[in-house]
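Undergrad: Starting off with a structure, shown below.
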């Protein structure tokens, strides 16, 4: 079967999740932990042969350590739990391996 080099759009379908340690609640003398913030707009499709990279902006008001997790990551992508960066290169080879192995 011969594959053409036409544009191939693949749904990234990734969700980046942010979490932080910290207390919360308490009496009036105990400060309330504020939820961390995260922002950014990752692309949701990528053409065959293209590189992908996304780095969210995240912060915690109390400077608590932040960790990231991801769901729905394509087999060709790489994810860093410390920074939230996801990146990779979408190629025909990656597509073929995904269908062949799964």
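Undergrad: Restricted to segment 45-56, and to residues that are part of a strand (DSSP E or B) and exposed (fewer than 15 other Cβ atoms within 10 Å of the Cβ), which residue is modelled with the lowest pLDDT? It would help to see each step written out before you state the result.
TA: Residues of segment 45-56 part of a strand (DSSP E or B): 45-46, 51-54.
Right, trim to exposed (fewer than 15 other Cβ atoms within 10 Å of the Cβ) and you get 45, 51, 53.
Details: 45: 85, 51: 91, 53: 94.
Result: 45.
Undergrad: In addition: Take the residues of segment 57-90 that are more than 11 Å from the chain's Cα centre (by Cα) and not in a loop (DSSP other than H, G, I, E, B): which is modelled with the lowest pLDDT?
TA: Initial filter on segment 57-90 (more than 11 Å from the chain's Cα centre (by Cα)): 57-67, 75-76, 82, 88-90.
In the following step, the residues that additionally are not in a loop (DSSP other than H, G, I, E, B) were identified as 57-59, 66-67, 88-89.
Numbers: 57: 95, 58: 95, 59: 94, 66: 94, 67: 93, 88: 93, 89: 89.
Applying the filter and picking the extreme gives 89.
The values are calculated or read from the model by the stated rules, or taken from the named source; none is laboratory data. It should be emphasised that the depicted structure is a prediction, and the values quoted were computed from it without experimental measurement. Quick reminder, even Gly has a Cβ in these numbers, built from the backbone with ideal geometry, and neighbours come from all protein chains shown.
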